Amino acid sequence: MENLHLVKEDELNSVIDRAVSDRMKAEYNKFYNTFITIDGVASMHNVSRQTVINYIKGGMIPIENRSEYGKYQIRMSDALKLNFSELKIRLKIKNKNKKL
């Protein structure tokens with residue numbers, strides 16, 4: 001005999017969101033100790049090198065000074081999570097607030 005449980009849609013969505021989020025975190029964390037250059041991030045996200053630099057200067061992309069040549073590098077786990085559409089909006093808001 002099977003037991004059926006009624007679950008509200010929002011409760012089900014919450015459980016699914018947590019499970020997906022936990023799985024995604026685990027996948028991203030696999031790349032925590034792997035580093036990528038600014039050019040690599042630009043290529044990965046199909047944006048210009050200068051765009052990546054602007055977001056770094058805006059404090060929106062964390063960097064590591066890992067290269068023996070003094071070049072900045074970004075953790076691959078961070079690079080995979082970047083959403084440049086969201087970053088664009090956040091940078092506009094940040095710059096607007098600076099002017100106030």
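Annotations
- Taken along its principal axes, the alpha carbon cloud of the range 26-81 reaches lengths of 30, 26, 19 Å, longest axis first.
- GluC sites (Glu not before Pro) within the chain: DSSP coil, no more than 10 neighbouring Cβ in 10 Å: GLU2, GLU68
- For the pair LYS8 and ASN54, label points projected 7 Å from Cα toward Cβ lie 4.3 nm apart.
- Share of pairwise Cα separations in the chain, more than 23 Å, in percent: 45
- Computed about its Cα centre, the charge dipole of the range 19-80 is approximately 40 debye, with only Lys, Arg, Asp and Glu carrying charge at their Cβ.
- Fluctuation leader among TYR69, TYR55, TYR28 - the chain, Gaussian network, Cα springs under 10 angstrom: TYR69
- Think of the chain as having a plus end and a minus end, set by charges on the Cβ of Lys, Arg, Asp and Glu; of LEU91, ALA19, HIS5, LEU91 sits farthest toward the positive end of this dipole.
- Gaussian network model of the chain, Cα within-10 Å springs - most flexible of ASP39, ASP22, ASP78: ASP22
- Among the listed pairs LYS71/LYS98; LYS8/LYS30; LYS8/LYS92, a Cα-Cα separation exceeding 31 Å is found for LYS8/LYS30; LYS8/LYS92.
- Loop-located trypsin sites (Lys or Arg not before Pro) across the range 51-100 with a Cβ neighbour count of 14 or fewer within 10 Å are ARG66, LYS71, with loop assigned by DSSP.
- Selected from VAL52, VAL15, VAL41 as most flexible by GNM, with the chain as the system and alpha-carbon contacts under 10 Å: VAL15
- Two-site FRET efficiency, ASP22 against GLU86, from Cβ-Cβ distance with R₀ of 22 Å, rounded to 0.05: 0.55
- Cβ crowding within 10 Å ranks LEU6, LEU80 as LEU6, LEU80, fewest other Cβ atoms first.
Bear in mind that the values in this text are calculations on the coordinates, not laboratory data. Since the structure is predicted, the reported quantities are computational estimates derived from the model, not experimental observations. Positions of Cβ are generated from backbone atoms using ideal geometry, with glycine treated the same way; all protein chains shown enter the neighbour counts.
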